[in-house]
Amino acid sequence: MDYGLKTNNMSNPTVGIIMGSKSDLNVMQDAADVLKELGVAYEITVVSAHRTPDRMFSYAKSAADRGLKVIIAGAGGAAHLPGMVASLTHLPVIGVPVKSSNSIDGWDSILSILQMPNGIPVATVALNAAKNAGILAAQIVSTADESLVKNLIAYKEQLKQKVEESAREMDAM
């Protein structure tokens, strides 16, 4: 099946980023951006659990054969996409609850993704925290990629430096 995938122009994507609607891209782009920064190949597309269930089934069932190691699934409202994808693949799935226009302040999405039945785990990040999902996906992929480990260490060192710089600025006030 042609998924109309967009990639970061790196060969052999290892992380799939999917979302229930194109309107979720403003949140999910953060996962793509941090993966690109870390040097992780990804693909990104829209897959709706409710409106395109056949596409969702096909995407999830073929993900491992296509070389993916992790799937990040963002969804708002009832947010069934991460759990349904997790039920269809052995790959780790990271759910990103999205505060959407039809959301109950994001709580419906959070609880839909967080409250998975035993046997179908979905790692869940905070509301709209696609960046954290991207970092977690990179950490998972890094267990088999030493160069990615180095990129993650450098990334976290940059975070540390930013906090220390902020502290020095505050101390100087």
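Only the coordinates and a few stated rules stand behind these numbers; no lab work does. Values in this document were obtained by computation on a predicted structure and should not be read as measured data. Virtual Cβ from ideal backbone geometry, glycine too; neighbours counted across all protein chains shown.
Dipole size of region 22-61 about its Cα centre, with +1 on Lys/Arg Cβ and -1 on Asp/Glu Cβ: approximately 240 debye, rounded to the nearest 20.
Only DSSP H runs of four or more residues enter the estimate; each adds -39500 (n - 2.57), and after division by the residues of the chain the mean residue ellipticity at 222 nm equals -14500 deg cm²/dmol. Counted by neighbouring Cβ atoms within 10 Å, the residues LEU127, LEU159 run from fewest to most as LEU159, LEU127. Residues ASP30, ASP145, ASP54 in ascending order of nearby Cβ atoms (within 10 Å, fewest first): ASP54, ASP145, ASP30.
For the pair HIS90 and ALA78, the difference between a 0.36 nm per residue extended length and the Cα-Cα distance amounts to 2.0 nm. Listing GLU164, GLU37 from fewest to most neighbouring C-beta atoms within 10 Å gives GLU164, GLU37.
Note down the net charge around THR14, summing +1 for each Lys or Arg and -1 for each Asp or Glu among other residues with Cβ under 9 Å from its Cβ.
Taking every Cβ under 9 Å from that of THR14, the sum is 0.
Close Lys pairs in region 48-173, defined as Cα atoms under 21 Å apart and 8 or more places apart or on different chains, number 10.
For ASP171, neighbours were defined as the other residues whose beta-carbon sits under 14 Å from its Cβ, and their charges (Lys and Arg +1, Asp and Glu -1) total -2. If R0 is 45 Å, the Cβ-Cβ spacing of SER166 and ASP54 corresponds to a FRET efficiency of close to 0.40.
What range in the chain is the longest one free of trypsin sites (Lys or Arg not before Pro) that are in a loop by DSSP and have at most 15 other Cβ atoms within 10 angstrom?
Numbers: sites that count: ARG51, ARG66.
That would be 67-173.
Considering the values (i) 38; (ii) 58; (iii) 23, which represents percent of Cα pairs over 28 Å apart as calculated for the structure under consideration? The value computed from this structure is option (iii). To the nearest ten degrees, helix 130-141 and the longest principal axis of the Cα atoms of the chain are 90 degrees apart.
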